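These notes are about the structure you will find just below.
The values are calculated or read from the model by the stated rules, or taken from the named source; none is laboratory data. Since this is a predicted model, take the numbers as computed values, not measurements. Here the Cβ is made from the backbone with ideal geometry for all residues, glycine too, and neighbour counts use every protein chain on show.
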Amino acid sequence: MHTRRQFLKAASVAPWIVTTARVFGQEARGEKPLRIEDVKIIATSPRPGYSWVFIKVITNEPGLFGLGSANYRYLSWAVKAALEKHMIPFWKGKEVDRIEDLWQWNHQRSYWRNGPLTNVIQAALDTALWDIKGKRAGMPVYELLGGKARDAVPLYAHASGRNKEQCVESVQSWMDQGYRHIRVQMGGYGGGGFIPPGQGSRPKAGYSGRAFDEELYVRTIPELFLHIRDQLGWEVKLLHDVHEHLTPANALQLAKRLEPAKMFFVEDILAPEQIDYFKRLKTQTATPLAMGELFTHPHEWRPLIAQRLIDFIRCRVGMIGGITHARKIASLCEQFGVRTAWQEGGENDPINQLAAYHVDMAISSFGIQEDNHYPDVVHEMMPGAARIDEGYLYGSGKPGLGIDLDEKIALRHPLTTDHRVSDWTTVRGMDGSLVKP
Ligand code: MG
């Protein structure tokens, strides 16, 4: 009786634990498994630049549901249509407990696989099923993945400025907020390598906008980081994102010239199409290399990890099929001494952030997690969203992912299409040709 009293006391503060524990008991007694009753799409843009497509997987146990994110900012309407017309009818009636089996089934469902669109849809269901499993067990998802391998998740912050002095100020302000890992960009991606509009040697009546120059970039960026070291010392761990702006020869030049600044890592120094060059880079530079933000296919990350050609893998958890696949990649990394640095990006969402968080908490191959802050409207809409304190990410500690979604608030911000995306992915050289991001 004493145990039952304690249980009921706990129940009064956490009703979903009662439901989940009761269902778990039924399951143990061999009663009918829980199934996917319905899947609701919640498409919302609570701020310009956010094009979020969430799903709510509703089970046949009243009140028990899981949340997942199919966030793909640049094809959000295609994701929504694929969910409505193809995937949700396929998912209905499936057993919620069979996460691995459903992952593999989804993987083959559309025949052609490993594309970003299929991956985010796969991730949405996967994350929602982990959420449900955690709620049924009355535990945060990381407990189901093996339990805490760390107490919180360290993040790297994003410092920026128009010149060296502003960058130093920005790094200092993040250090003052407790961050130890700080990425620095001077004037955005490719910044430090831009020739101002109209200047330099231009084709007649041709392109006159700002132009990227590789050699200028390779000269400027090492100077920036040596200046930061000179001003702020060696305690802070420095990162930089090349954002695939360099050809292989200049990538090697940059990596070597950054060696004296002792970087934590340099990210996306090559385009994903040029990963074979990592062999050359790795044998010639001591600068740690991070890669994989644009990866969606195992053939992209597997050789780099298994041949120890990178130091950090940078995939986005939502873009590789969710918690299930991220955990497998983390295990592969552990075998080869590579560490994780899951990608975030400003347009990512709190559900994907928590998917990364729960994996981060439970793995030994963890390296660092990218920072992402959300405005108040998002925290109001999504109670339980992860919180940041002095450079560390903390989940709510509630069962499952630990997050909820207020659909009424989401409805007040219907999904919009952001057409500005081409502005920052389109960079041109002096002759007007596209610099491949
Ligand atoms: Mg990046």
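Looking at segment 297-308, is at least one residue among the aliphatic types (A, V, I, L, M), surrounded by 15 or more Cβ atoms within 10 Å (Cβ to Cβ) and part of a loop (DSSP other than H, G, I, E, B)? Within segment 297-308, none of the residues are among the aliphatic types (A, V, I, L, M), surrounded by 15 or more Cβ atoms within 10 Å (Cβ to Cβ) and part of a loop (DSSP other than H, G, I, E, B).
Restricting attention to segment 312-331, does a residue exist that is within 14 Å of the ligand (Cβ to nearest atom), within 27 Å of Tyr394 (Cβ to Cβ) and part of a helix (DSSP H, G or I)? For segment 312-331, residues within 14 Å of the ligand (Cβ to nearest atom), within 27 Å of Tyr394 (Cβ to Cβ) and part of a helix (DSSP H, G or I): present. Restricting the first member to segment 303-329 and to residues that are on the phi > 0 side of the Ramachandran plot, and the second to residues that are within 16 Å of the ligand (Cβ to nearest atom) and not small (Gly, Ala, Ser), no beta-carbon pair is closer than 6 Å while six or more apart or on different chains.
Mind listing whichever residues of segment 371-391 are touching a residue at least 24 places away in the same chain (Cβ under 8 Å) and touching a strand residue (DSSP E or B) at 6+ places or on another chain (Cβ under 6 Å)? Once the filter is applied, which keeps residues that are touching a residue at least 24 places away in the same chain (Cβ under 8 Å) and touching a strand residue (DSSP E or B) at 6+ places or on another chain (Cβ under 6 Å), segment 371-391 yields Asp371, Ala386, Gly391.
Of the helices (runs of 4 or more DSSP H) lying entirely inside segment 177-294, those containing at least 2 residues that are more than 23 Å from Glu344 (Cβ to Cβ) and either within 16 Å of the ligand (Cβ to nearest atom) or not assigned by TED's automatic domain parsing to the domain that holds Gly337 (or both) are 248-257. Say whether the condition of being touching a His at 6+ places or on another chain (Cβ under 9 Å) and not assigned by TED's automatic domain parsing to the domain that holds Glu347 is met by at least one residue in segment 74-97. Within segment 74-97, not a single residue is touching a His at 6+ places or on another chain (Cβ under 9 Å) and not assigned by TED's automatic domain parsing to the domain that holds Glu347. Take Ala271 and decide whether it is out of contact with any helix residue (DSSP H, G or I) (no Cβ under 8 Å at 6 or more places or on another chain) and among the small types (Gly, Ala, Ser). In short, yes. Of the residues screened, Ala124 is one that is under 19 Å from His325 (Cα atoms) and hydrophobic (A, V, I, L, M, F, W, C).
Flag set for Asn352, criterion: under 25 Å from Tyr74 (Cα atoms), of a type in the set (S, T, N, Q) and either assigned to a helix (DSSP H, G or I) or touching a Leu at 6+ places or on another chain (Cβ under 8 Å) (or both). Is it fair to say Ser69 is in contact with a Phe, Trp or Tyr (Cβ under 6 Å, 6 or more places away or on another chain) and of a type in the set (Ser, Thr, Tyr)? So Ser69 fits the description; yes. As a summary of the residue check, Gly146 satisfies the conditions (1) crowded, with 16+ Cβ neighbours inside 10 Å; (2) touching a helix residue (DSSP H, G or I) at 6+ places or on another chain (Cβ under 6 Å) except for the one numbered (1).
The single residue among Ala386, Ala362, Ala356 that is within 16 Å of Gly134 (Cβ to Cβ), within 16 Å of the ligand (Cβ to nearest atom) and either in contact with an Asp or Glu (Cβ under 9 Å, 6 or more places away or on another chain) or at pLDDT 95 or above (or both) turns out to be Ala356. When you check Gly147 against the structure, is it within 22 Å of the chain's Cα centre (by Cα), closer than 15 Å to Arg327 by Cβ and part of a loop (DSSP other than H, G, I, E, B), yes or no? Taking the combined requirement at face value, the residue satisfies it.
Residues are listed down the side, and each one gets a yes or a no for (1) among the small types (Gly, Ala, Ser); (2) over 24 Å from Gly367 (Cβ atoms):
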residue	(1), (2)
Met175	no, no
Ile182	no, no
Gly188	yes, yes
Gly192	yes, yes
Arg202	no, yes
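Taken over segment 153-175, the criterion of being crowded, with 21+ Cβ neighbours inside 10 Å and part of a helix (DSSP H, G or I) is satisfied by Cys167, Val171, Trp174.
Does any residue of segment 123-139 turn out to be free of Cβ contacts under 8 Å to residues at least 60 places away in the same chain and of a type outside the set (S, T, N, Q)? No, segment 123-139 has no match at all.
For segment 340-353, filtered to residues that are without any contact (Cβ under 8 Å) to a residue 60 or more places away in the chain and within 16 Å of the ligand (Cβ to nearest atom), the residue that is surrounded by the most Cβ atoms within 10 Å (Cβ to Cβ) is Trp342.
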